[in-house]
Amino acid sequence: MKRSTVVFSLGGMMLMAGCIQAQTAFAQDRRISINEYRDKMKGGWLGQMAGVAFGAPTEFKMKGKILSEAQTPKWKPETINESFGQDDLYVDMTFLRTLEVHGLEVSIRQAGIDWANSGYPLWHANEAGRSNLRKGIAPPDSGHPQFNKHADDIDYQIEADFSGLVSPGLPNTAIALGERFGRLMNYGDGLYAGQFMGGLYAEAFFEKDAVKIVEAGLRCVPESSQFHECISDVLKWYREDPVGWEKTWQKVDDKYQKNAAYRRFSCDKKDFNIDAKINAAYVIMGLLYGKGDLDRSMAISCRCGQDSDCNPSSTAGVLFTTIGFAKLPATYKEKLDESRSWIYTAYNFPKLIAACEKVAREAVVKSGGRIEKDASGEEFFVIPPQTARPSKLEQCWEPGPVANSRFTEEEMAQIKPPAQAKRGGSVVDMKAAVEKFASGWAVANCGSDMSPGIRDELGREGVLVTHPLSEETASVLSKQIDVPAGKKAALRLTVGHHPQGDWVLVVRADGKELLKTTVGKETAKEGWLQTSVDLSGYAGKSVKVELLNQANGWSFEAGYWARIAVQTE
């Protein structure tokens, strides 16, 4: 197959940006001490953590409706540590790690190889893009609409925060990083959403006015795109009514949810809407109508619905950047466990901050800026003015030609994702996995999402992972059990859940429901729930026991089984 010759050079974009600086020669260099940069960047990461953990219980619970105040979560200081299992953050950090290891000039192909080797579950544009990479479809084709039917979805938008946090005052660096990482899974508005997000963060290091920050992000997006139109509409409606966010929400819903002309590449034509445009609108509604109030800003983005954990995460990330870590209220940071690492990453909070600073130093210098020291020895970034240069106009429903980009044999040899490496590239034999975990038990209707099988989870080794076949069809573990006469018998279970999800555990005996409970944050301490089901009523009989892993909202529905045992006494 033909190998693509398309190359997007970060350095080239920076040089082009330099060529047009004559237009902005009247503007002065921006200066920020590296201590202040670090503090604001820390605030940005903490904001993402706070927003996603705050909104997690509501994700896609409201589709085409506003979440009521009564349904809106309440912030608790310990909530911050619920972010260590969130894909908003660990996918973001995969891309940061590529920059940390390979530098800003890393090729898009290397970025694709690194991401193809990630081991976490994915959905929508991310899942399709990574699947394409693993099949040999190299970027940018991995995100092209011909190969990715989710290319307008929110995915890069929720993962682009890193691009702005390493680009203080450098919108073109954020745009270029979008070309490097956003095209792994997105195209058109889906790509622009992430570049917009990067532009918001880049400006938030120097600006506190929410309108000006949104305008700066908008300059990173092609003016003729529907994404630009959507954000421009929200700005216009905000200026017309800077108080009534619910009225603006209704206008957004009428145009960008109900009007098919603005959903021409949505992955679902019903109330569910993971399109980047509408979710970005909800992000900036929190920024604008929140008026700088941290709780209110997150709450508005959350109450708008749809992807209501990702959206307040971005809102809070940008807002917290404007404030800086040191000045944030204690309630957001007093319980932060800085020693804890995000799942699927090598980063805890201090390591994350150090990685960002390393990349930011390189970004400033490569953009024509410099690092100076004052008389006391304190370091400063000196950042030249930039006029944002958006990517070319593309839209998913009228895409340009593919690049015919394929990985070489040598590149494919580098793609060894954890699931493939551990399972020899074949489908997991769930029958064998269940027999190994709990002899005599059988499995039925186990879906392939979230890599079912035996693996280590939540600090325990050898956990059996199942997943419902669909939203309606539960995965079932079953066994014919002979219950001894004259003895008490009980089924002992230790079950857990993915940090971002929950599921419903149902226990049946000969078709009779003996237990039904949600396995989630409210019921499972530190991710695990221990429960017992009395089987004494079946003494002296042979009974078919069924354990159901049933969906509960269809988001991170994997069932974790650490113990299945029948005990008698």
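Read-outs throughout are calculated quantities, based only on the coordinates presented, and are distinct from any laboratory measurement. Source: prediction; values computed, not measured. All Cβ positions, even for glycine, are placed from backbone atoms using ideal geometry, and neighbour counts span all protein chains on display.
Overview of values
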read-out: Reference-scaled alpha-carbon Rg (2.2 N^0.38 Å with N residues) for segment 269-326; value: 1.11
read-out: About the Cα centre, charge dipole magnitude for segment 427-568 (Lys/Arg +1, Asp/Glu -1 at Cβ), debye; value: 620 debye
read-out: 24 Å Cα-Cα threshold exceeded, pairs from LYS42/LYS76; LYS42/LYS521; LYS479/LYS512; value: LYS42/LYS521
read-out: For segment 475-487, 3J(HN,Hα) per residue [Karplus equation, 6.51 cos²θ - 1.76 cosθ + 1.60, θ = phi - 60°, Hz, x = Gly/Pro]; value: 7, 10, 9, 9, 7, 7, 10, 8, 8, x, 6, x, 10
read-out: The chain: calculated mean residue ellipticity at 222 nm from DSSP helix runs of at least 4, using -39500 (n - 2.57); value: -11500 deg cm²/dmol
read-out: Computed over segment 427-568: relative contact order in percent, which uses C-alpha pairs under 8 Å that are six or more apart; value: 32 percent
read-out: FRET efficiency estimate (nearest 0.05) - Cβ-Cβ, THR473 to LYS436, R0 35 angstrom; value: 0.90
read-out: Estimated translational D of segment 137-284 in µm²/s (Stokes, Kirkwood radius over Cα pairs; 25 °C; 0.890 mPa s); value: 161 µm²/s
read-out: Qualifying trypsin sites (Lys or Arg not before Pro) for segment 356-408 [loop in DSSP, other Cβ within 10 Å: at most 14]; value: LYS392
read-out: Relative counts (whole %) of C-alpha pair distances in segment 10-411, using bins that are 10 Å wide; value: 5, 25, 36, 26, 8, 1, 0
read-out: At most 10 other Cβ within 10 Å, DSSP loop - chymotrypsin sites (Phe, Trp or Tyr not before Pro), segment 158-227; value: none
read-out: Projected-area average for segment 427-568 over all orientations - Cα convex hull basis, square nanometres; value: 7.8 nm²
read-out: Potential lengthening between ARG239 and ASP534 on full extension [0.36 nm per residue; Cα-Cα distance subtracted]; value: 100.0 nm
read-out: Residues with amide H under 5 Å from that of SER341, placed H, sequence gap 5 or more; value: none
read-out: Descending Cα extents along the principal axes, segment 29-117, whole Å; value: 48, 36, 26
read-out: Among SER376, ALA438, ALA558 the positive-end extreme of the charge dipole of the chain (Cβ point charges); value: ALA438
read-out: Proximal lysines to LYS149, defined as alpha-carbon separation beneath 24 angstrom and excluding residues fewer than eight positions away on the same chain; value: LYS2, LYS61, LYS63, LYS135, LYS255, LYS258, LYS269, LYS270, LYS277, LYS392
read-out: Neighbour cut-off at most 16 other Cβ (10 Å), DSSP loop, trypsin sites (Lys or Arg not before Pro), segment 30-119; value: LYS61, LYS63, LYS65, LYS74
read-out: Mean separation of Cα contacts under 8 Å (6+ apart) over length of segment 472-528, as relative contact order %; value: 29 percent
read-out: Separation of alpha-carbon centers, segment 347-367 and segment 376-409, rounded to whole Å; value: 18 Å
read-out: Euclidean distance of C-alpha centroids, segment 521-565 and segment 72-114, integer Å; value: 32 Å
read-out: For segment 51-173, the fraction of alpha-carbon pairs in successive 5 Å shells from zero, as %; value: 2, 9, 16, 19, 18, 15, 11, 6, 3, 0
read-out: Net charge of neighbours whose Cβ lies under 9 Å from the Cβ of VAL463, counting Lys and Arg as +1 and Asp and Glu as -1; value: -1
